[in-house]
Amino acid sequence: MPMLLTKGRVLTDGAFQADTAVVVDEGRIAAVGREGALAAAFPHAEVRDLKGRMLVPGYIDTQVNGGGGVLFNDDPSVETIARIGAAHRRFGTTGFLPTLISDDLEVIDQAITAVEQAMTEGVPGVLGIHIEGPFLNVARKGIHDPSKFRVLDEAAVRRLTRLKAGRTLVTLAPETTTPDMIAALAAHGAVVAAGHTDADYATMHRALEAGVTGFTHLFNAMSPLTSREPGVVGAALENRDAWCGIIVDGHHVHPTVLKLALRCRPADRFMLVTDAMPSVNAEGDHFYLQGRRISVKDGACLDERGVLAGSDLDMASAVRNARDMLDLDLPTAVMTASSAPAAFLGLDGERGRIAPGYAADLVLLDDALQVVATWIDGQGD
């Protein structure tokens, strides 16, 4: 039976519209239009009164290491993926990539198999996998274990791109491989991002030409912009086509730096990510990452040396922070959490907007931007 979502403020075409209703049918948005007209056109629809609250496209998070007390690396299984998805759905995430931090190739195999099985079984929200490493630069390792790092070769390309459904995002350091290897990854269907990289500007520019289309957590774990060497950050800010993931938690990057970055390139080429760890939607003040104790304090996840280890951020908070810390208007903040990551993944024709024919991935917000309800493929929480 169709569902009619009515009496809310609906975010369409970059603005909130009153007297606008949305019809959901068989997992898709069947119609968007005037409330009276849609009520007449769908007289037998189940009516859901939104009570004046805001209906926005579901948030898409391309970097989710954990949540609900579990870490993907610890147990790359369908059960872990489902638990992570459920933990983040509470905060408006209707699509996500379970993210594997640098690990052994056997663990990567397990993770890909688990994601494929999760998608086959219909675990809500799973859009593919993000393999962050192990093809990284030890000079910019961050929290990653350098003993896991290795060289990208043709066998690894085949291994990384064997997921039959969904999207595969691979984060690598361009200077540790070649443009030909990057091009091979892209040709096999992977979305390729630069991260944990000490590449110079020229190397990064060649990588963009070869097929890199994203930057993983801009400013963090990459060569900085300086007066004589633009580095990876300079290449990212100059480029107007690739997407930059940003962690807006007040810990990873100073808000002023992010505001400056937003002035350099199109806003729709930035996307909010959480880089979330098991602490999101879980109790406790610590967790373990590959044998290391990570403490959670004041919203930051830190190892014993004070190195950031992912985040304690959720997407609803990221959207609020984008508005409050970066001075983005709410439609733009939501865009960086929905249509921008959808476009990055090549899903912009089916997710990330409230429009007829799109997947019915929706979030209902109150005036404080707290999540009231979510729908994934038309199914409510």
**Prompt:** Looking at the stretch 350-381, which of its residues are more than 17 Å from the chain's Cα centre (by Cα) and open to solvent by 30 Å² or more (accessible area, probe 1.4 Å)?
**Reply:** 356, 357, 366, 367, 368, 370, 371, 372, 377, 379, 380, 381
**Request:** Please state which one of 194, 190, 202, 221 is more than 30 Å from residue 120 (Cβ to Cβ) and touching a strand residue (DSSP E or B) at 6+ places or on another chain (Cβ under 6 Å).
**Result:** 194
**Request:** Taking residue 268 as the residue in question, decide whether it is surrounded by fewer than 17 Cβ atoms within 10 Å (Cβ to Cβ) and touching a helix residue (DSSP H, G or I) at 6+ places or on another chain (Cβ under 8 Å).
**Result:** yes
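Which fully enclosed strands (runs of 3 or more DSSP E) of the stretch 1-102 have 1 or more residues being open to solvent by less than 10 Å² (accessible area, probe 1.4 Å) and in contact with an Asp or Glu (Cβ under 6 Å, 6 or more places away or on another chain)?
Working: elements: 3-12, 15-25, 28-34, 46-49, 54-57, 59-64, 93-101.
Ranges flagged: 15-25, 59-64, 93-101.
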**Request:** Select from the stretch 147-162 the residues that are within 27 Å of residue 287 (Cβ to Cβ) and outside any helix (DSSP H, G or I) and list them in ascending order.
**Result:** 149, 150
**Residues of the stretch 131-146 satisfying the condition of being touching a residue at least 40 places away in the same chain (Cβ under 8 Å), among the β-branched types (Val, Ile, Thr) and not in a loop (DSSP other than H, G, I, E, B)** = 131
**Item:** Test result for residue 262, open to solvent by less than 60 Å² (accessible area, probe 1.4 Å), more than 15 Å from residue 101 (Cβ to Cβ) and assigned to a helix (DSSP H, G or I)
**Value:** yes
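Residue under question is residue 110, and the condition is that it be in a helix (DSSP H, G or I), polar (S, T, N, Q) and either open to solvent by less than 10 Å² (accessible area, probe 1.4 Å) or more than 19 Å from residue 288 (Cβ to Cβ) (or both); does it hold?
Numbers: in a helix (DSSP H, G or I): yes; polar (S, T, N, Q): yes; either open to solvent by less than 10 Å² (accessible area, probe 1.4 Å) or more than 19 Å from residue 288 (Cβ to Cβ) (or both): no.
Against the criterion (in a helix (DSSP H, G or I), polar (S, T, N, Q) and either open to solvent by less than 10 Å² (accessible area, probe 1.4 Å) or more than 19 Å from residue 288 (Cβ to Cβ) (or both)), residue 110 does not qualify.
When you look at residue 2, is it farther than 22 Å from residue 89 by Cα and at pLDDT 95 or above, yes or no? Walk me through how you get there before you give the answer.
Details: farther than 22 Å from residue 89 by Cα: yes; at pLDDT 95 or above: yes.
Against the criterion (farther than 22 Å from residue 89 by Cα and at pLDDT 95 or above), residue 2 qualifies.
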**Qualifying residues in the stretch 271-281 (those that are part of a loop (DSSP other than H, G, I, E, B) and over 14 Å from residue 214 (Cα atoms)) - the one most open to solvent (accessible area, probe 1.4 Å)** = 281
**Asked** Could you say whether any residue in the stretch 59-77 is over 30 Å from residue 135 (Cβ atoms) and either small (Gly, Ala, Ser) or more than 26 Å from the chain's Cα centre (by Cα) (or both)?
**Response** no
**Message:** Under 7 Å between Cβ atoms, which residue pairs at least 6 apart in sequence (or on different chains) link something in the stretch 290-317 that is more than 30 Å from residue 363 (Cβ to Cβ) with a partner that is surrounded by fewer than 20 Cβ atoms within 10 Å (Cβ to Cβ) and of a type in the set (Phe, Trp, Tyr)?
**Reply:** none
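Identify all residues within the stretch 227-243 that are open to solvent by 30 Å² or more (accessible area, probe 1.4 Å) and either of a type in the set (Phe, Trp, Tyr) or in contact with a Gly (Cβ under 8 Å, 6 or more places away or on another chain) (or both); write none if there are none. Show your work before the answer.
Residues of the stretch 227-243 open to solvent by 30 Å² or more (accessible area, probe 1.4 Å): 227-230, 238-241, 243.
Result: 243, single match.
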**Request:** For the stretch 115-128, enumerate the residues that are open to solvent by less than 70 Å² (accessible area, probe 1.4 Å), touching a residue at least 12 places away in the same chain (Cβ under 8 Å) and out of contact with any strand residue (DSSP E or B) (no Cβ under 8 Å at 6 or more places or on another chain).
**Result:** 116, 123
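The values are calculated or read from the model by the stated rules, or taken from the named source; none is laboratory data. Note that the coordinates shown come from a computational prediction; the quantities given were computed from them, not determined experimentally. In this analysis, Cβ positions are derived from the backbone assuming ideal geometry, glycine residues included, and neighbour counts consider all displayed protein chains. With ligands, DNA and RNA removed, areas are computed over all heavy atoms of the protein, side chains included. Shrake-Rupley method; radii C 1.70, N 1.55, O 1.52, S 1.80 Å.
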